[in-house]
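The values are calculated or read from the model by the stated rules, or taken from the named source; none is laboratory data. This is a predicted model, so every value here is computed, not measured. With ideal geometry, Cβ positions are generated from the backbone for all residues, glycine too; neighbour counts draw on all protein chains shown.
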Amino acid sequence: MRAQALAFCLLILALSGVMQVSTPRAAEVTYALRVENGHVPENMRLIRVKQNDVVKLEWSSDRPMTIHLHGYDIEKQITPGATTEMTFTARATGRFMVEPHLAKLPSGGHEHGDVLVTIEVYP
């Protein structure tokens, strides 16, 4: 009974703002990614972030292309000479690939090119 009373008092203090409960803050991370000849430099092909981080990918390319972040279903057009932002909150954990969209298929879908970047989201 005494433990329940103590837990209740702590709850009241936390709710009233007298006692602060700290939670880890999500980071905001930015990566500048350049696609040349259909590839991102090898040292930029794996990005690791934590769950709930706000991730900004700044894309540039030597040719026009459409890229797709699987799992988050984000698609962006990249135009040479411009920077295109792809920003998302990393809510889902796991491995997510960014691939270019290639030719359209007769079924209405499209082909994917080689993986440009893999994003690993950790809890």
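When you check VAL21 against the structure, is it closer than 18 Å to MET97 by Cβ and either surrounded by 15 or more Cβ atoms within 10 Å (Cβ to Cβ) or modelled with pLDDT under 95 (or both), yes or no? So VAL21 does not fit the description; no.
Please return the ranges of strands (runs of 3 or more DSSP E) entirely within the stretch 27-123 where 2 or more residues are modelled with pLDDT under 95, loosely packed, with under 12 Cβ neighbours inside 10 Å and more than 10 Å from the chain's Cα centre (by Cα). Full working, then the answer.
Numbers: elements: 28-35, 46-50, 54-61, 65-69, 74-78, 84-89, 94-104, 110-112, 117-122.
It comes to 94-104.
Cβ separations smaller than 9 Å between residues 6+ apart or across chains give the following pairs from the stretch 59-75 residues that are farther than 12 Å from GLU36 by Cβ and free of Cβ contacts under 8 Å to residues at least 60 places away in the same chain to residues that are surrounded by 15 or more Cβ atoms within 10 Å (Cβ to Cβ) and among the small types (Gly, Ala, Ser): ILE67/SER61; TYR72/ALA90.
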